[in-house]
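Asker: Below are the structure tokens for one structure; questions will follow.
The values are calculated or read from the model by the stated rules, or taken from the named source; none is laboratory data. All values derive from a computational prediction rather than experimental measurement. Reconstructed Cβ throughout: ideal geometry from the backbone, glycine too, with neighbour counts over all protein chains shown. Side chains are part of the model used for accessible areas, which takes the heavy atoms of the whole protein and leaves out ligands, DNA and RNA. Shrake-Rupley method; radii C 1.70, N 1.55, O 1.52, S 1.80 Å.
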Amino acid sequence: MTRRLNRIRTLSCLAAALLMLASCKIGHHYVRPDVAMPATLAGGAGADSASLADRSWNEIYTDTILQTLIHKSLAYNKDMLIAAARVKELAARKRIDYAALFPSLGLRVYGEKERDNYGGDNPSDDNEFDLKANISWELDLWGKLRWARDASMAEFMASVENQRAVQMSLIAEVAQAYYELVALDNELDIVRQTLTARRESEHLAKIRYEGGLTSEVTYRQAQVELSRTATLVPDLERQITAKENELAFLTGDYPHRIVRSEMPQELSLPDTLPVGLPSQLLERRPDVREAEQRLIAANAAVGVAYTNMFPNITLTASLGAESEELKDLLSSPYHLLSVNLLQPVFAMGKNLARHKAAKAACEQAAYAYEKAVLAAFRDAYDAISSFNKVKEIYKTRYNLESSSKTTLSLAFVQYVNGTIGYMDLLDAQRTYLDAQISLNNALLESRLATVNLYKALGGGWK
């Protein structure tokens, strides 16, 4: 009885010691790199915790047709589906590394019917029947398995952030392509209206030429200008078809005609939009969060490589029955307890080289994270600057369009009355066409400024 108690105490002390060893986790734990961020996002303006990125994309893009296209792209876009499948894959792989922390249990059922006859005159049976439960447990003395679990968890979280980044970018791409398509429609309308005006000018020039009021050069110049304007139509129609195909591709569909609204001819933007605090970029931008998760995984890989240089201990137990006769199997108990200690001694520096390689990979991941932070601030500053200037650009182009329209009206009257030549009228027509297209581009740029600002601040993935 005393011997049994001593054995129990010994086993208890051994188990406690193993558990204490298993609680160790050597290596450098992750610390986020210290990146010196600017004080504000708005070029010196006062910091405000409110941000445009807090709003849902349905609040930003109120066009119902555009909303339908975005919903369709989120459901059927192939990049979104690939990212979602990647998340599922890494979720399963994460479970594998987590399960490695616990004992594994297997069941073996084995039967072998064998008859030997060595020498040709001594036949004998050498059967074997096994029914065994095998238990194996690698003790995580130094934290290798926990580092591996942390690495797989970080890789999984990186895939989640990648999926969010794909969604954020996809929403912006669909919105940009949609607005560009509508702007091309407007530009095509402008060119067609100009083409009608060119036909009238060519007809008027023909009458004046046939009436002897102008030279043939003036009439031929009117024909040239008519033909030149006509060449713009098929090119714009080609661009419209290509943009429709792009939108169809983004929504995961084959090329087809895209239904769209008309772009308003008036600019309606608020004076200012909240951009939030600098630290919110690190919290909202999924590409920055993904880069940090990659860094966490790389740091954990360093821990795995470091702990691989220490001994590994695996406990193995096998319990069951083993017999040469099937009928005697259940009455033949069998058990095996073993401890396997593996200590790397000499491997030509392989384990040390793996550790150095993991540290170098971690250094690369740290630089990639810092680069992602810099890129996020660059995008935000560019988007804020564009948004702040878009109203001024629109105002100057609106004034140019109004002045050019008035000048063209006066020039046409003067040309009909013979006060000015056809070249003066032609210059006025060209200036007005350019001004119309420039104003249309300003309207497009105003919409794209909101799209880019919303994306740069990290909005659109929630």
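Asker: So with the 1.4 Å probe, I'd like the accessible area per residue for segment 230-302, rounded to whole Å².
Answerer: Working: 3730 Å² over 73 residues.
Each residue of segment 230-302 exposes 51 Å² on average to a 1.4 Å probe.
Asker: If I take R0 = 30 Å and measure r between the Cβ atoms of Leu107 and Gln343 in this structure, what FRET efficiency does the formula 1/(1 + (r/R0)^6) give, to the nearest 0.05?
Answerer: Working: r = 31 Å, r/R0 = 1.04.
It comes out at approximately 0.45.
Asker: Sum up the lysine pairs in segment 38-187 that clear both bars: alpha-carbon distance under 27 Å and a spacing of 8 or more or different chains. Each step should come with its number before you reach the end.
Answerer: Values: Lys72/Lys88; Lys78/Lys88; Lys78/Lys94; Lys88/Lys144; Lys94/Lys144; Lys113/Lys132.
Within segment 38-187, the lysine pair count is 6.
Asker: How much of the pair distance distribution for segment 166-264 lies past 21 Å, counting alpha-carbon pairs only, in percent? List each step's numbers first, then the result.
Answerer: Numbers: 2434 of 4851 pairs.
When all Cα pairs of segment 166-264 are counted, 50 percent exceed 21 Å.
Asker: Would you please give the FRET efficiency between Val217 and Gln414, computed as 1/(1 + (r/R0)^6) with r the Cβ-Cβ distance and R0 = 25 Å, to the nearest 0.05? Can you show the working numbers first?
Answerer: Numbers: r = 19 Å, r/R0 = 0.76.
That pair, Val217 with Gln414, gives E of 0.85.
Asker: If eta is 1.306 mPa s and T is 10 °C, what Stokes-Einstein diffusion coefficient results for segment 59-107, Kirkwood Rh from Cα pairs, in µm²/s?
Answerer: Taking Rh from Cα pairs, D becomes 113 µm²/s.
Asker: Calculate what fraction, in whole %, of the accessible area of segment 225-314 sits on carbon and sulfur atoms when a 1.4 Å probe is rolled over the protein chains. Walk me through the numbers before you get to the answer.
Answerer: Values: 2440 of 4400 Å².
Roughly 55 percent of what the probe reaches on segment 225-314 is carbon or sulfur.
Asker: Using only the alpha carbons, work out the radius of gyration and Dmax of segment 362-462 in angstrom.
Answerer: Calculated on Cα positions, Rg and Dmax stand at 22.4, 79 Å.
Asker: Now for a different question. Tell me, what is the Rg over Rh of the chain, with Rh the Kirkwood radius over Cα pairs?
Answerer: Taking Rg over the Kirkwood Rh, I get 1.27.
Asker: Per residue, how much accessible surface does segment 73-117 expose to a 1.4 Å probe? Answer in Å², no decimals. Kindly include the intermediate steps, with their values, before the conclusion.
Answerer: Numbers: 3300 Å² over 45 residues.
It amounts to 73 Å² per residue over segment 73-117.
Asker: Oh, and also: Given the peptides 252-258, 135-141, 402-408, arrange them by the average over their residues of other C-beta atoms within 10 Å, most packed first. Don't skip to the answer; put the middle values down first.
Answerer: On the way: 252-258: 13.0, 135-141: 17.6, 402-408: 15.4.
Top to bottom by mean Cβ count within 10 Å: 135-141, 402-408, 252-258.
Asker: Counting C-alpha atoms alone, how compact is segment 30-150: give Rg to one decimal and Dmax as a whole number, in angstrom.
Answerer: For segment 30-150, the Cα radius of gyration and maximum Cα-Cα distance read 31.2, 102 Å.
Asker: For a bin width of 10 Å, list the pair-distance distribution of segment 325-390 built from all Cα-Cα distances, rounded to whole %.
Answerer: Result, from short to long distances: 15, 16, 14, 13, 13, 12, 8, 5, 3, 0 percent.
Asker: For segment 52-111, with all protein chains present and a 1.4 Å probe, just round the carbon and sulfur fraction of the accessible area to a whole percent.
Answerer: On the way: 2200 of 3820 Å².
On segment 52-111, the fraction of accessible area on carbon and sulfur atoms equals 58 percent.
Asker: Which lysines have a Cα lying under 25 Å from the Cα of Lys371, excluding residues fewer than 8 positions away in the same chain?
Answerer: Filter leaves Lys356, Lys359, Lys455, Lys462.
Asker: Please report Rg (one decimal) and Dmax (integer) in Å for the Cα set of segment 111-220.
Answerer: Spelled out, the Cα radius of gyration and Dmax of segment 111-220 are 43.7, 132 Å.
Asker: May I pose another question? Of the listed peptides 102-110, 192-200, what is their order by residue-averaged count of other C-beta atoms within 10 Å, with the highest listed first?
Answerer: Working: 102-110: 10.3, 192-200: 15.2.
Taking the mean over residues of other Cβ atoms within 10 Å, the ranking is 192-200, 102-110.
Asker: For the peptides 334-346, 410-422, what is the packing order when you average, over each peptide's residues, the other Cβ atoms within 10 Å and list the highest mean first? Working shown, then result.
Answerer: Working: 334-346: 9.9, 410-422: 14.8.
Per-residue Cβ counts within 10 Å, averaged per peptide and sorted highest first, yield 410-422, 334-346.
Asker: Follow-up. Among rounded, prolate and oblate, which fits segment 198-350 when a ≥ b ≥ c are the square roots of the eigenvalues of its C-alpha gyration tensor, a/c under 1.5 means rounded, and a/b larger than b/c means prolate? The partial results should precede the final answer.
Answerer: Numbers: a/c = 4.32, a/b = 3.18, b/c = 1.36.
Prolate, because a/c is 1.5 or more and a/b exceeds b/c.
Asker: Mind checking the angle between helix 232-250 and the chain's longest principal axis? C-alpha axes, 0 to 90 degrees, to the nearest 10.
Answerer: 20
Asker: In sequence order, what are the phi-derived ³J(HN,Hα) couplings for segment 414-429 according to the Karplus relation 6.51 cos²θ - 1.76 cosθ + 1.60 with θ = phi - 60°, rounded to whole Hz, with x for glycine and proline?
Answerer: For segment 414-429, the Karplus curve yields 5, 5, 4, 7, x, 6, 10, x, 5, 5, 5, 5, 4, 4, 5, 5 Hz.
Asker: Using the beta-carbon distance between Ala133 and Ala91 and R0 = 35 Å, what value does 1/(1 + (r/R0)^6) give for FRET efficiency, to the nearest 0.05?
Answerer: Values: r = 30 Å, r/R0 = 0.85.
According to the calculation, E is roughly 0.75.
Asker: Compute, for segment 335-454, the length of the dipole vector about the Cα centre, with Cβ point charges of +1 (Lys, Arg) and -1 (Asp, Glu) only. Units Debye, rounded to 20.
Answerer: Rounded to the nearest 20 debye, it is 700 debye.
Asker: Sticking with this one: For the chain, build the charge dipole from Cβ charges (+1 Lys, Arg; -1 Asp, Glu) around the Cα centre, then report which of Thr231, Gln429, Gln364 sits farthest towards its positive end.
Answerer: The one lying farthest along the dipole's positive direction is Gln364.
Asker: Another question about this same structure. What whole number of Å gives the distance from the Cα centroid of segment 190-205 to the Cα centroid of segment 325-350?
Answerer: So the separation of the two Cα centres works out to 94 Å.
Asker: Please work out whether segment 269-355 counts as rounded, prolate or oblate from its C-alpha gyration tensor, where a ≥ b ≥ c are the square roots of the eigenvalues and a/c under 1.5 means rounded, while otherwise a/b larger than b/c means prolate and anything else oblate? Please list the in-between numbers first.
Answerer: On the way: a/c = 6.52, a/b = 2.32, b/c = 2.81.
Oblate shape, in that a/c is at least 1.5 and b/c is the bigger or equal ratio.
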